[in-house]
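Notes follow the structure.
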Amino acid sequence: MTFLFAFLIGLFAGLRSLTPPAAVAWGVHLGWLKLARPLSLIGSLPAVIVLSVLAVTELIFDKLPNTPSRTAPLGLIGRIVTGGFTGACVSIGGGQSAVVGAALGVIGGIVGTFGGYQARARLVKSLRQPDFNIALVEDLIAIGGSLFIVSRF
């Protein structure tokens, strides 16, 4: 189950690159997810505050019309990095290999990036909803899914 969670947290990083790191920070801070030093520093109050502010900022900027595509190189690289990092954290928290967790998180990040992009575009078109509405649903999935995962340990 731990490896599935590592993949899924990576997938959520593909949807919103900073939401899973913020969720991991909160999970460690609240004692849900146990990590050894130096990874446990992500649960420090300053890290929780900074990552939470960055995640909220990303949620806001995602809705702006000038925001670059998540599949652009910089966005894709960010999602791969945060997917790998959070996948490793979840895997370690579940007593499994950091390397395998990171690899699964990277794969999840790639799947989430391209799959999320396609799903959002198709839902906007097929449901005839504004992109903003579908983006809000995507936000809820990324937030809820990430918090669900880090609270399972």
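General observations
- Compared with the alpha-carbon gap, the fully stretched path from Phe114 to Leu54 is longer by 19.4 nm at 0.36 nm per residue.
- Accessible area per residue for the range 27-100 is 55 Å², calculated with a 1.4 Å probe on protein heavy atoms, without ligands, DNA or RNA.
- Efficiency of FRET between Phe61 and Ala36 - r from beta-carbon atoms, R0 25 angstrom, step 0.05: 0.15
- Since only Thr2, Val53, Val81 are under comparison, the one whose Cα sits farthest along the positive direction of the charge dipole of the chain, derived from C-beta charges on Lys, Arg, Asp and Glu, is Thr2.
- Rounded to the nearest 20 debye, the dipole size of the chain about its Cα centre is 160 debye, using +1 on the Cβ of Lys and Arg and -1 on the Cβ of Asp and Glu.
- Sites Leu140 and Ile77 - FRET efficiency at Förster radius 30 Å, r taken between beta-carbons, to 0.05: 0.75
- Portion, in percent, of the accessible area of the range 21-153 that falls on carbon or sulfur, probe 1.4 Å: 74
- Label of the coordinate-derived value, Rg/Rh (Cα atoms, Kirkwood Rh), listed as (1) 1.26; (2) 0.95; (3) 0.98: (3)
- In this simple spin-label approximation, Val99 and Val124 carry label points 7 Å from Cα along the Cα→Cβ vector, and these lie 4.1 nm apart.
The values are calculated or read from the model by the stated rules, or taken from the named source; none is laboratory data. Remember, predicted model here, so these are calculated numbers, not experimental data. Counting neighbours? That spans all protein chains shown, and the Cβs are built from the backbone with ideal geometry, glycine included. The accessibility values were calculated without ligands, DNA or RNA, using every heavy atom of the protein model including side chains. Shrake-Rupley method; radii C 1.70, N 1.55, O 1.52, S 1.80 Å.
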